[in-house]
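J.: Take this structure first; my questions come after.
Bear in mind that the values in this text are calculations on the coordinates, not laboratory data. This one's a predicted model, so the numbers in the text were calculated from it and none came from an experiment. All Cβ positions, glycine included, derive from the backbone under ideal geometry; neighbour counts span all protein chains shown.
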Amino acid sequence: MLQVPQNIPRDRSLETDGLADVKFGAEIREKEFLLRPGVAFFNHGSYGTVPRRVLKLQQEYSYEREEHPDFWTRLNSKRYLDQARAALAQFVGADLENLQLVVNATQAINSVVKSFPFAKGDALLHCSYTYGAIANLCEDFTSRVKPDVESVNVKLSFPPKSEDDVVKKYEEILDQHPNIKLAVIDHITSPSSIILPVKRLLDLCHSRGIKVVVDGAHCLGQLSLNLEDLGADAYVANAHKWLYTPRGCAILYLKKESHAWARPLSTSWQIGRSLDMQFFDQGTLDHTPLICSLHGLEFYQALGGMDRVVGYTRAMADEAVEVIQRELGLKPAQLPKSMEAPNLRLVEFPPLKKFPYSVENLWILHKTLFGEASVFGLIIPVEGKFYLRISTQVYTSKEDIAALVQVLKNFFKDNV
Ligand SMILES: Cc1ncc(COP(=O)(O)O)c(C=O)c1O
């Protein structure tokens, strides 16, 4: 007979001392993050990075798990996970029963697409700026898994002229393909970093009976969300990007009506039971990142929440773009203000003598530019041009921006 030791479960919360008044920039970086000293890091957007305090709690959960793997798996991890689910549901304006925690956005969107009740001749829509891995999912699904479902791609221009222009392009494609039944719509495109007018696109799709899964991988912590109001059939967002959560953790919101068909990617022991049990138990996995989303959120809130965090990161992104333009003459991508992501900006590289535009040259270019330098940013190819994508975080400082400018100056001296 299993006996639960008295000291289990040990509900935890983040120690928040000093967070409300910590100075953003170099001070918070040194106190709270593990980034290598002396490296100006401008690519938070790809994988995020986790504060020391959150990692410490993740380690405590891991130790608790190893003390008694059965009590952990059978009794306590779901309890902890539900506390995190409840906090995140409140943060994103979702009813608890509509919100699940999964390991990443890729898995969440796979779950939705692969469980959607397509019929022969239906179509799945994505767009030219859908994240590469998700575009691959759409293509693979419609060619290998369900070859009787068509894949449709809406081509958007870069940079987009206006929200109206994007909506018009969607209208045209929906007119041409009345068989579209599910659309994957990005909220912030990546790596091209455009906020799409999701509410308008959702309303448009819904007016034609099309269901929508929104890929908001970059939105949790960056944009204010109210998922019940938004009304997407499914909404996916990573906590491990902008919500200080260990990799991998994502939310998967499923509107009540979607519960009838949406299922986890892995069918496992809980088949036929409640959706939260099915999503929780997709085989043996490490639930500590999912559980720690509670503490990533506590960290975010203790810093002052969206007002203070995004207030700072947006200002730093504006400043980085402005300084780079002034010092180096590089143009920012010309996006309408309403389509600009707070923490993600693109600046256009001039044509480079030694690195003609090609996707093959991309990693050689990264290595040459940043391999030996104490700076890192992401270079991305869009429509025949290289851009630098700048991600800003609470640890970004003016000194980091100056270091980036210096590295770019040195590089352009020999290459433009
Ligand atoms: C728009 C978008 N969708 C999906 C993903 C995939 O996220 P993950 O690798 O965590 O599954 C990313 C990752 O950068 C993304 O930017």
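J.: Using the Cα centre as the reference, give the magnitude of the dipole from point charges on the C-beta atoms of the chain (Lys, Arg: +1; Asp, Glu: -1; all else neutral), rounded to the nearest 20 debye.
T.: 600 debye
J.: Could you tell me the center-to-center distance, by alpha carbons, between region 93-137 and region 295-337 in angstrom?
T.: 29 Å
J.: What FRET efficiency do you get for Val39 and Asp286 if R0 is 30 Å and r is their Cβ-Cβ distance, rounded to the nearest 0.05?
T.: 0.60
J.: Charges at C-beta only: +1 for Lys and Arg, -1 for Asp and Glu. How large is the resulting dipole of region 239-308 about its Cα centre, in Debye rounded to 20?
T.: Taking the Cα centre of region 239-308 as origin, the dipole is about 180 debye.
J.: Give me, ordered by chain and number, the residues 5 or more places off Cys127 or on other chains with an amide H under 5 Å from its own placed amide H.
T.: Amide H to amide H, under 5 Å and 5 or more residues apart or across chains, Cys127 pairs with Val154.
J.: Under the classification rounded if a/c is under 1.5, otherwise prolate if a/b is larger than b/c and oblate if not, where does the chain fall, given a ≥ b ≥ c as square roots of the Cα gyration tensor eigenvalues?
T.: Note, shape of the chain comes out oblate.
J.: Taking amide H atoms as placed 1.01 Å from N in the peptide plane, list the residues 5 or more away in sequence, or in a different chain, whose amide H sits under 5 Å from that of Lys146.
T.: Here the answer is none, since no amide H 5 or more places off falls under 5 Å of that of Lys146.
J.: Just to be sure I understand the model, the point goes 7 Å from the Cα along the line to the Cβ. What's the resulting Lys199 to Glu228 distance in nm?
T.: 1.7 nm
J.: For the chain, give the share of DSSP beta bridges that are antiparallel, in percent and rounded to the nearest 5; count only bridges with both residues there.
T.: Taking every DSSP beta bridge with both residues in the chain, the antiparallel ones total about 55 percent.
J.: What's the FRET efficiency of His206 with Arg144 using the Cβ-Cβ distance as r and R₀ = 22 Å, to the nearest 0.05?
T.: 0.15
J.: Toward the positive end of the charge dipole of the chain, about the Cα centre and with charges on Cβ (Lys, Arg +1; Asp, Glu -1), which of Ala402, Pro197, Ala94 goes farthest?
T.: Result: Ala402, furthest along the dipole toward the positive end.
J.: Defining a contact as two alpha carbons under 8 Å apart and six or more residues distant in sequence, what relative contact order in percent does the chain show?
T.: 23 percent
J.: Using Cβ counts within 10 Å as a stand-in for footprinting exposure, how do Asp400, Asp122, Asp21 rank, fewest first?
T.: Final ranking by Cβ density, sparse to dense: Asp21, Asp122, Asp400.
J.: Please work out whether region 176-278 counts as rounded, prolate or oblate from its C-alpha gyration tensor, where a ≥ b ≥ c are the square roots of the eigenvalues and a/c under 1.5 means rounded, while otherwise a/b larger than b/c means prolate and anything else oblate?
T.: Here region 176-278 falls in the oblate category.
J.: Pop a pseudo-label 7 angstrom from the Cα along the beta-carbon direction at both Lys120 and Val359 and give the gap in nm to one decimal.
T.: Here the modelled spin labels are 3.4 nm apart.
J.: Between Rg and the Kirkwood Rh of region 80-298, both from Cα atoms, what is the Rg to Rh ratio?
T.: 0.95
J.: So, one more: With the cut-off at 1.5 for a/c, could you classify region 132-198 from its C-alpha gyration tensor as rounded, prolate or oblate?
T.: oblate
J.: Turning to a different aspect of this structure: List the pairs from Lys241/Lys398; Lys241/Lys337; Lys337/Lys413 whose alpha-carbon separation is above 26 Å, in the order I gave them.
T.: Lys337/Lys413
J.: State, to one decimal in nm, how far the label point of Asp175 lies from the label point of Asp318, with both points 7 Å from Cα in the Cβ direction.
T.: Once both label points are built, they end up 3.9 nm from each other.
J.: With point charges of +1 on the Cβ of Lys and Arg and -1 on the Cβ of Asp and Glu, referenced to the Cα centre of region 80-298, which listed residue (Asn238, Gln107, Tyr253) lies farthest in the positive direction of the dipole?
T.: Checking the options against the dipole of region 80-298, the answer is Gln107.
J.: Run the helix sum for the chain: -39,500 (n - 2.57) per DSSP H stretch of 4+ residues, divided by residue count, reported at 222 nm to the nearest 500 deg cm²/dmol.
T.: Theoretical 222 nm ellipticity from helices: -12000 deg cm²/dmol.
J.: How about Lys169: which lysines have a C-alpha closer than 19 Å to its C-alpha, ignoring those fewer than 8 places off in the same chain?
T.: List returned: Lys155, Lys161, Lys181, Lys199, Lys211.
J.: Please list, in order along region 339-347, the HN-Hα scalar couplings obtained from phi with the Karplus expression 6.51 cos²θ - 1.76 cosθ + 1.60 (θ = phi - 60°), rounded to whole Hz, x for Gly and Pro.
T.: 10, 8, 6, x, 10, 10, 9, 10, 10
J.: Also: Report, by chain and number, residues whose modeled amide H sits under 5 Å from the one on Glu340, excluding near sequence neighbours (fewer than 5 apart, same chain).
T.: Those lying under 5 Å, H to H, from Glu340 are Ile195.
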